[in-house]
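Comments concern the structure below.
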Amino acid sequence: MTQSTPPVSSASKPPLARLTPEQINRYKRHLLLPEVGMEGQLKLLNAKVLCIGAGGLGCPISLYLAAAGVGTIGLVDVDVVSPSNLQRQILFGLSDIGEDKVQAAAKRLRDVNPDCNIIPHKMLVNSHNVMELIKDYDVVIDGTDNFPTRYCVGDACVLAKKPNVYGSIFRFDGQVTVFAPHLKNPNTGEAGPCYRCMFPEPPDPGSVPSCAEGGVVGVLPGIIGTLQASEVIKLIIGLGKPSIGKLTYFDAADMEFRQFKLRRDPACPVCGDHPTITAPIDYEQFCGVPILDPKSAEETAAEVKHAKQPAGTKPATADLDGSGLPPGYAFKPDWEVTPREVKALMDKGEKFYFVDCRLPNEYAITHIEGATLIPLQQIQQHGEELKLHKDEKVIVHCRSGARSMQFVQILRQNGFPDAKSMAGGILLWNKDVNPGGPHY
Ligand SMILES: [Zn+2]
């Protein structure tokens, strides 16, 4: 997991001093800009930039940096390309499915610009490897999607005095800024803030849904990633005002850009006046969540496996136990029924009230005939309708079994003695009872 190639240090490769005729032709739109010119283009060609994350943000960032002629681009990601990446990760195509993202990206970027030395780092960034990873790069870009990595990269950049070009996205909103306490806010002359100045504490585990859970509009990382790439180019050339101490928030739904001032916190534990964090810490422990969500890794593997299967073959259900549950599933018989048991009730014609507590957009993706849609969020509004079934057997399902359990707990508190949740939700149903049914 930590296999990577060290970046070519400036010692091993002398800085480029002039452009070849081919390079002059390739970069002439830059050379025509007095603010960039020959000097700026040489700075780009001699720059070393590390992009952490080769996903939604990393794709447009690295494409534009390669096109601009950034001489060394390190790319960090541990994932492989899966079909659901293609909605927004524009470096990849169908032929890349199942391939390591960093390798597929390197292939594409080298094709965009052979001047770029693309360095793939297939690894998870953690407190043990982050300082070594970033040490030879001039600029670090945070294009990750999880809190442990953001804190890790944020702290390491403060400690190693590297600018951290930060971007994040969720649903229709995104934000961009440059964290760099060793550099000055161009508007105030004060030292800039770091990631911890903005977010001193991580969110409660599970309180902030990821893009995998909450969704993201495909073009959004293109916009935010391109803004990050623009900040990187400005920092390398020394052009304009870097976005230090200024956070830009973008709302794609209403086409609104809003800007906020950010200030360094003198009490910040890493960039403050009396820092208490002087080396990377254990970020998984700090955030209370793993860097790599095992569930999402499993989903990626399943997606890739499914995409690689010849059309018409049935997906294997061999990885379920004798009752049709994933091995090791902590089944609670007082509170749950298995999809297989629900199917048996249906086949016997036994009467029960079946509730699908997901959202209508999820229902449109896949649903079970006979289930009534009552989103968990609307349980109060449907009180009267539900009461009619108080003394019946009630079975509730959602996507994977978490929301339906909440729904059942509320029902039980309100006097529904025979309410149960369908274990594993419709995802397990579509694996065991309705194999080949949509997985989302
Ligand atoms: Zn700070």
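The values are calculated or read from the model by the stated rules, or taken from the named source; none is laboratory data. Treat the numbers as computed from the prediction; the structure is a model and nothing was measured. Counting neighbours? That spans all protein chains shown, and the Cβs are built from the backbone with ideal geometry, glycine included.
Looking at the structure I just gave you, is K162 more than 30 Å from L91 (Cα to Cα), within 16 Å of the ligand (Cβ to nearest atom) and among the basic types (K, R)? For K162, the condition - more than 30 Å from L91 (Cα to Cα), within 16 Å of the ligand (Cβ to nearest atom) and among the basic types (K, R) - is not met. Among the residues of region 238-287, those identified as hydrophobic (A, V, I, L, M, F, W, C) and more than 19 Å from N187 (Cβ to Cβ) are F250, A252, A253, M255, A267, C268, V270, I277, A279, I281, F286, C287. Is it the case, given these coordinates, that G192 is on the phi > 0 side of the Ramachandran plot, in contact (Cβ under 8 Å) with a residue 12 or more places away in the chain, within 16 Å of the ligand (Cβ to nearest atom) and touching a Gly at 6+ places or on another chain (Cβ under 6 Å)? Here the answer is no, as G192 does not meet what is asked.
Is it true that some residue in region 197-210 is touching a Leu at 6+ places or on another chain (Cβ under 9 Å), touching a residue at least 24 places away in the same chain (Cβ under 8 Å) and assigned to a helix (DSSP H, G or I)? Yes: one or more hits.
Just so you know, in region 161-194 the residues that are aliphatic (A, V, I, L, M) and part of a loop (DSSP other than H, G, I, E, B) include one that is surrounded by the most Cβ atoms within 10 Å (Cβ to Cβ), and it is A180. A single member of A301, A344, A330, A364 is more than 16 Å from N430 (Cα to Cα) and not in a loop (DSSP other than H, G, I, E, B), and it is A301.
Residues in region 143-160 that are in contact (Cβ under 8 Å) with a residue 40 or more places away in the chain and under 17 Å from K48 (Cβ atoms) were compared, and the one that is surrounded by the fewest Cβ atoms within 10 Å (Cβ to Cβ) is A156.
Within region 146-202, the set of residues being among the hydroxyl-bearing types (S, T, Y) and farther than 21 Å from S296 by Cβ comprises Y166, T177, T188, Y195.
When you look at T248, is it of a type in the set (S, T, Y), away from the ligand (no atom under 16 Å from the Cβ), over 30 Å from Y440 (Cα atoms) and touching a residue at least 40 places away in the same chain (Cβ under 8 Å), yes or no? Yes. Taking every residue in region 220-231 that is under 18 Å from M255 (Cα atoms) and without any contact (Cβ under 8 Å) to a residue 12 or more places away in the chain and pairing it with any residue that is in a helix (DSSP H, G or I) and among the charged types (D, E, K, R), at least 6 positions away or on another chain, yields no pair with a Cβ-Cβ distance below 6 Å.
So, A212, is that one modelled with pLDDT of 95 or more, touching a helix residue (DSSP H, G or I) at 6+ places or on another chain (Cβ under 7 Å), away from the ligand (no atom under 16 Å from the Cβ) and hydrophobic (A, V, I, L, M, F, W, C) or not? Spelling it out, it is not the case that A212 is modelled with pLDDT of 95 or more, touching a helix residue (DSSP H, G or I) at 6+ places or on another chain (Cβ under 7 Å), away from the ligand (no atom under 16 Å from the Cβ) and hydrophobic (A, V, I, L, M, F, W, C). Residues of region 161-173 that are under 20 Å from I233 (Cα atoms) and aliphatic (A, V, I, L, M): V165 alone. Identify, please: which residue in region 348-361 is under 29 Å from the mean Cα position of the chain (by Cα) and assigned to a loop (DSSP other than H, G, I, E, B) and is, among those, farthest from I395 (Cα to Cα)? Taking the candidates together, the pick is L359. Residues of region 273-295 that are in a loop (DSSP other than H, G, I, E, B) and either within 28 Å of V78 (Cβ to Cβ) or in contact (Cβ under 8 Å) with a residue 24 or more places away in the chain (or both): I277, T278, A279, P280, I281, D282, G288, V289, P290, I291, L292, D293.
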